[in-house]
Amino acid sequence: MIVWINGLFGVGKSTTAARLADALDAPPMDPEQIGFHLPEWSGNGGPVADFQDIPLWRSLTRETVAEMDRTFGVVVVHMSLLRADYFEEVICRLQREGHEVRHYTLVADLDTLVNRGAGREGGLVDWARGMNARHQDTLSDPRFESRIETEDVPQAQVVATILRDLPDLHEFTPR
């Protein structure tokens, strides 16, 4: 089973995924780690505005998540995957290939997200603010209907909400 934590930047995906992975005794998977290496792997050597725009990132992410699911039985992925075509290419394709994907979208007010990001590196804050503004309306898409509010909600409660929704995990064994 793949538990995918999605949402805008600064909503709490990484923290939620880490706590959820601990609770499930499952590995966390951060597809950003693949993206950080793509400029050097792809041969262009320079920075890219968004590594999700590189087709290799999408295929490597999908294949890595699939292999982790087959190996461990449960994997917790945390990544903003907000473009409909990329969502289709990664998450929907995993589902079509027979992987059970539980997808959750964490949400909070845009001002809250900006405040949460204030302590991060300067350029990253500006980039995240722009991405959040660009993708805020995306969350009305039915793909993101499993929403979990994080505004003024303790992190433990966010994790507990997801855990209550997951099936009895004794059914899941590594494939």
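Since every read-out is calculated from the coordinates, none of them should be taken as a lab result. Just so you know, these numbers come straight off a predicted model, no measurement behind them. Using ideal geometry, Cβ is built from the backbone for each residue, glycine included, and neighbour counts are taken over all protein chains shown.
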Linear extension gain, Ala156 paired with Asp30, 0.36 nm per residue minus alpha-carbon span: 43.3 nm
Using Cβ contacts closer than 10 Å as the measure, can you line up Asp111, Asp141 from fewest to most? Asp111, Asp141
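Arrange the peptides 95-105, 16-26 so that the one whose residues have, on average, the most other Cβ atoms within 10 Å appears first.
16-26, 95-105
Calculate the FRET efficiency for Asp168 and Glu88 from the Cβ-Cβ distance with a Förster distance of 35 Å, rounded to the nearest 0.05.
Numbers: r = 30 Å, r/R0 = 0.84.
For R0 = 35 Å, the calculated efficiency reads 0.75.
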